[in-house]
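Have a look at the structure below before the remarks.
The values are calculated or read from the model by the stated rules, or taken from the named source; none is laboratory data. Values in this document were obtained by computation on a predicted structure and should not be read as measured data. Backbone-built Cβ (ideal geometry, glycine too); neighbour counts: all protein chains shown. Calculation scope for accessible area: heavy atoms of the full protein, side chains included, ligands and nucleic acids excluded. Shrake-Rupley method; radii C 1.70, N 1.55, O 1.52, S 1.80 Å.
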Amino acid sequence: MEGHEVSVWCVSDGRTGIERQTLAIAHALSERVPTRIKLLRLQPTGFQVSLPPSLWLMPKAALPIEQAARLQAPWPDVWIANGRRSIPYSMRMRKWSAGQSLVVQLQDPRISPKRFDLVAPPQHDGVRGDNVITTLGAPVWYTQKQIDTALAQIPEPRHLGKRKVMVILGGTSKRHQLSLARAHAIVAELQRLAHQDVHLMITTSRRTPKPAEDLFRAFAFTSGADFFANEARDGPNPYLAWLAQAEAALVTEDSTNMMTDVAFFGIPMHLIKLEGGDAKFDRLHTAFIERGAARWFNGSLTSWSYEPIRDAMAIAEAIQARLITP
């Protein structure tokens, strides 16, 4: 494999969070071997979508014509797929490529891992097998070039001498709720921090309810905090730059991606309670706490250190090991 440029297809239905995980693995792999990365977005429709993956008799026929046209040889060296609707295609990739493509499926495919070459679910899903490599949360990877570019796009740091604290706010999902009452309580806690030697950098997510977003925006304006919700109103997204600068982070408990972003940089993570929850997220929180990455926020900030959690590289290493011919 030395000197060979590895072709990698990152396969998903195009949803940002799902696609981003496939790219994280590809970018981590690119730090180990030369790679050529291609995005492949597959958005099947029709009656097959409601069937188990093994019963999709004509998976290509479920795709729009232009997507089906892209699903053809020359096949990649590595196929990295994520999301439920990618599974029927991943299951057939080894046959289509005559075994030449290494098929990697992220998250829990809910079928036997033996249908793939490598499966990489989060450990709280409980999937086990000889070809399974578990991650603490979602695979995340940022290259140094991405970080440097992000830092160059934001203004010079303000409030020199103050501790930079990033606040990452999720919102309402199937498992958690961010009510306006809970948002007011979080603002009260942030207000106490703002009166200390702390500079807050606050960002919301697509799941943050609009009344809560407006409340956090107003708080940021009156307290001198930085705030970002969307590019249309707030300008270029400073999310990655803020992560690279933060000395501590407050993160709502509802997003695996937000937690793993913080852990990638080794930032002390204070988890903020929301309403609701379930056993799977309880296991996820416990895993981050046991790794020394997180603690529950109790109103005050504490400092500690831990080794950055970069599970995407562990998956990349497993891919590289399988690509090397004995």
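Below is a table of values for the structure above.
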{"read-out": "Percent of Cα pairs exceeding the 14 Å cut-off, where the set is the stretch 120-193", "value": "79 percent"}
{"read-out": "For the stretch 213-325, the fraction of alpha-carbon pairs in successive 5 Å shells from zero, as %", "value": "2, 10, 16, 20, 18, 14, 10, 5, 3, 1, 1, 0, 0"}
{"read-out": "Test item: Cα-centred dipole of the stretch 147-258, Lys/Arg +1 and Asp/Glu -1 on Cβ, debye", "value": "320 debye"}
{"read-out": "Residue among ALA314, ALA232, ALA183 with the largest mean-square fluctuation in a Gaussian network model of the chain, springs linking Cα atoms under 10 Å", "value": "ALA232"}
{"read-out": "Distant-in-sequence amide H partners of HIS199 (H built 1.01 Å from N, under 5 Å)", "value": "ARG163, LYS164, VAL165"}
{"read-out": "ARG84-ALA61 pseudo-label distance in nm [points 7 Å out on the Cα-to-Cβ vector]", "value": "2.3 nm"}
{"read-out": "Per residue value of the accessible surface for the stretch 1-135 (all protein chains in place, 1.4 Å probe), Å²", "value": "48 Å²"}
{"read-out": "Cut-off under 5 Å, modelled amide H: who pairs with SER7 long-range", "value": "ARG36, ASP77, VAL78"}
{"read-out": "Hits among aspartates and glutamates - C-alpha to C-alpha of LYS145 under 12 Å, sequence gap 8 or more where chains match", "value": "GLU31"}
{"read-out": "Stokes-Einstein translational diffusion, the stretch 147-242 - Kirkwood Rh over all Cα pairs, 1.002 mPa s, 20 °C, in µm²/s", "value": "153 µm²/s"}
{"read-out": "Most mobile listed residue (THR22, THR208, THR222) in the chain, GNM with C-alpha springs under 10 Å", "value": "THR222"}
{"read-out": "Alpha carbon centroid spacing (whole Å) that separates the stretch 93-164 from the stretch 190-241", "value": "27 Å"}
{"read-out": "Heavy-atom surface of the stretch 147-193, accessible at 1.4 Å and reported per residue (Å²)", "value": "54 Å²"}
{"read-out": "Dipole in debye (nearest 20) - the chain, about Cα centre, beta carbon charges: Lys, Arg +1; Asp, Glu -1", "value": "860 debye"}
{"read-out": "FRET E, pair VAL49, ASP130, Förster distance 25 Å, beta-carbon r, rounded to 0.05", "value": "0.25"}
{"read-out": "The stretch 162-308, accessible surface, carbon-and-sulfur percent (1.4 angstrom probe)", "value": "51 percent"}
{"read-out": "Reach of LYS273 by Cα under 28 Å, taken over lysines that are not fewer than 8 positions away in the same chain", "value": "LYS162, LYS164, LYS174, LYS210"}
{"read-out": "J(HN,Hα) series, the stretch 283-298, from Karplus relation 6.51 cos²θ - 1.76 cosθ + 1.60, nearest Hz, glycine and proline x", "value": "5, 5, 4, 4, 5, 5, 5, 5, 7, x, 8, 9, 9, 6, 6, 10"}
{"read-out": "Qualifying trypsin sites (Lys or Arg not before Pro) in the stretch 27-125, DSSP loop, other Cβ atoms within 10 Å at most 14", "value": "ARG32, ARG110"}
{"read-out": "Largest-first ordering by accessible area, 1.4 Å probe, given options PHE47, PHE297", "value": "PHE47, PHE297"}
{"read-out": "Calculated log₁₀ intensity ratio I(q)/I(0) where the Debye formula runs over C-alpha points of the chain, q = 0.08 Å⁻¹", "value": "-0.41"}
{"read-out": "Kirkwood hydrodynamic radius (C-alpha pairs) into Stokes-Einstein, the stretch 1-115, 20 °C and 1.002 mPa s, D in µm²/s", "value": "149 µm²/s"}
{"read-out": "Restricting the stretch 1-89 to GluC sites (Glu not before Pro) in coil, as DSSP defines it, with at most 12 other Cβ within 10 Å", "value": "GLU2, GLU5"}
{"read-out": "Computed [θ] at 222 nm, deg cm²/dmol, the chain (DSSP H ≥ 4; -39,500 (n - 2.57); rounded to nearest 500)", "value": "-10500 deg cm²/dmol"}
{"read-out": "Accessible carbon and sulfur surface of the stretch 6-66 relative to its total accessible area, %, 1.4 Å", "value": "60 percent"}
{"read-out": "Debye, to nearest 20: dipole size of the stretch 1-122, +1 on Lys, Arg Cβ, -1 on Asp, Glu Cβ", "value": "400 debye"}
{"read-out": "FRET efficiency, 1/(1 + (r/R0)^6) with R0 25 Å, evaluated for LYS210 and ARG158 via beta carbons", "value": "0.35"}
{"read-out": "For the stretch 214-326, accessible area per residue (1.4 Å probe, heavy atoms of protein chains only), Å²", "value": "43 Å²"}
{"read-out": "Cut-off under 5 Å, modelled amide H: who pairs with ALA248 long-range", "value": "MET166"}
{"read-out": "Between the stretch 1-76 and the stretch 255-277, the Cα center-to-center distance that results, in Å", "value": "28 Å"}
